[in-house]
1. One residue is enough: does the stretch A:64-79 have a residue meeting the conditions among the β-branched types (Val, Ile, Thr) and farther than 16 Å from residue A:26 by Cβ?
2. Confirm whether residue B:253 is of a type in the set (Asp, Glu), surrounded by 15 or more Cβ atoms within 10 Å (Cβ to Cβ) and more than 24 Å from residue B:146 (Cβ to Cβ).
3. Tell me, please, whether a residue that is over 23 Å from residue A:22 (Cα atoms), within 9 Å of chain A (Cβ to nearest Cβ), modelled with pLDDT under 85 and within 45 Å of the chain's Cα centre (by Cα) can be found in the stretch B:76-87.
4. Report, by residue number, each residue of the stretch A:18-55 that is without any contact (Cβ under 8 Å) to a residue 24 or more places away in the chain, more than 30 Å from residue B:50 (Cα to Cα) and in contact with a helix residue (DSSP H, G or I) (Cβ under 7 Å, 6 or more places away or on another chain).
5. Return the residues of the stretch A:15-52 that are closer than 20 Å to residue A:144 by Cβ and at the interface with chain B (Cβ under 9 Å from one of its Cβ atoms); say none if nothing qualifies.
6. Quick one: what pairs do we get from the stretch A:114-139, first residue more than 8 Å from chain B (Cβ to nearest Cβ) and aromatic (Phe, Trp, Tyr), second crowded, with 23+ Cβ neighbours inside 10 Å and in a helix (DSSP H, G or I), C-beta under 6 Å, 6+ apart or different chains?
7. Just for helices (runs of 4 or more DSSP H) wholly inside the stretch A:56-174: which have at least 1 residues that are assigned by TED's automatic domain parsing to the domain that holds residue A:18 and modelled with pLDDT of 90 or more?
Amino acid sequence: MKPKVQDLILDAKTGNAEAFHALVAYHDEKIMTLALQLTRHRQDAEDLYQEVFLKAYKNIESFRMESSFYTWLYRIMVNAFLNHQRKEEKITIQESSRELPNPVESISAQPQPDTEVSERINQILMALPKQQKTVFILKHFQGLKIREISDMMNISSGTIKKYLFRAMEKMRFGLKEYQYGRNRL
Amino acid sequence: MKDLLKEQAVLYVLDTLDSNEKSDFELEMTKDKSLKKWVSEYQSTLKLANDSQTQPVSKGYLNAQRFSLRNKIESISSQKSDSYHPAIPTINKIIQVKQPVWMSIFAIILSFFIGKTFVSSAPESDNNSLDILQLMNDGLLTNIDIKLNEDENNPIHFAVHASNKMEYSGDLKDDLIRDILFYLLLNDENLGKRIKAVNLLKQTRLEEKGQMVLISSMLSDPNPGVRLKSAKMLQSYSVNALLIDACVKTILEDKNSAVRLSAMDILEAHPTAEMIPALQVIRIMEKNAFIRARAESILADFEDLNNGQLSPEI
């Protein structure tokens, strides 16, 4: 941990709000990027960003500096995100008359422009179970180690690997048409 | 192909295999062409997934988020301060529990002391100190930062974030410094600041009003660590009826055994007949065996003094 960040954390722990805002400025670009990757929705990402830093502000006294501040913020974000997903799932179950679209069925066999590939990838990611999606994003987009993800999500490394495999299989299957269009594997 | 090998292929592509696993897998690939094809397909999937990467967030966009966050945090802080007239929380906490008459008197003295005594100690030449005292008197003193200076003459530095930022430095001999520390210890919601305040106060010998603040802190602080520090500091004070009553209340009501034990230390050093009923309750009701034994021991001393009989007043 850089001394500057450490000093800011110590100041923030004594209630110095300015020190906390300096910490936000230091860390928030990555946090917002992760929020956008997880939610794939600008407004939801902004809400998640605010929630993470407000929780961090209220609980900074409990941060024991045993991990990096990033790891702590990531942990708060992952928990907040998974909690939201659980709530949304409950609402979806209660409104079960509305069927979720199957993104795989709507793939066109024709070559698509890249924006369409991106939309397709978004659809596939959004359709992944929340744990698989979170693990995949933390590993592939954020470059975290399996052990770090395991600590953050409180699940075993073996389970993380299984989630990665399942997420990748669904991605591969969902993007098959695009791959064949490009590579003919 | 077995799922296990496909899983290995995914982990290989994601660069999560250790060096041994990696070389084993690469050896396997040379033997099994279909495995190589799977790896290529997963790599291609990841390449496509990278196309969906979100655009980097702009500085302006982040600044807008920070501004919004700042407003929310300030709103939280002001909500806290709205309910913070200096004397009220402490008095309320005291009033919430069953209390002897002395506690009400103590609350009145405390509110008087917080509201008025601070003003009387104003060094009139210093505008910042007058402003700080005024805010304290109006119950508007919040957002206080404490820093320790390198300046030996003025090692403690306060910055008060009010409408205008005010700063004040001094040492523990300075009445205003001590008063702000008392204020923080009794009123600040931030545990870190209360601990810092009590730790700083520990470095000096406090007069009578310091004892009152510590008694209040021992009785009412929500954090057991702060209550314990206050109780330990009170051990160095000369004992009076107020302190004995506060310690009796602590050993009967405090949820933390270390705090109760610390209050018991004070009672044990200065036994009086008035504490006997409380000790008898402790002897029967206390969950902590060590504290029960201490109560038993003090009661035994009383019995020795009275030839095997406890005082007839009991």
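The values are calculated or read from the model by the stated rules, or taken from the named source; none is laboratory data. Keep in mind that this is a model prediction, so the values were computed, not measured. As a convention, Cβ positions derive from the backbone with ideal geometry for all residues, glycine included, and neighbour counts pool all protein chains shown.
1. For the stretch A:64-79, residues among the β-branched types (Val, Ile, Thr) and farther than 16 Å from residue A:26 by Cβ: present.
2. On the way: of a type in the set (Asp, Glu): yes; surrounded by 15 or more Cβ atoms within 10 Å (Cβ to Cβ): no; more than 24 Å from residue B:146 (Cβ to Cβ): yes.
Spelling it out, it is not the case that residue B:253 is of a type in the set (Asp, Glu), surrounded by 15 or more Cβ atoms within 10 Å (Cβ to Cβ) and more than 24 Å from residue B:146 (Cβ to Cβ).
3. No, the conditions are met nowhere in the stretch B:76-87.
4. A:19, A:21, A:22, A:54 - these are the residues of the stretch A:18-55 that are without any contact (Cβ under 8 Å) to a residue 24 or more places away in the chain, more than 30 Å from residue B:50 (Cα to Cα) and in contact with a helix residue (DSSP H, G or I) (Cβ under 7 Å, 6 or more places away or on another chain).
5. A:28, A:29, A:32, A:33, A:36, A:37, A:40, A:45, A:49
6. Listed by first residue and then by second, the contacts come to A:136/A:167.
7. Numbers: elements: A:69-94, A:114-127, A:130-136, A:146-153, A:157-174.
In the stretch A:56-174, the matching helices (runs of 4 or more DSSP H) lie at A:69-94.
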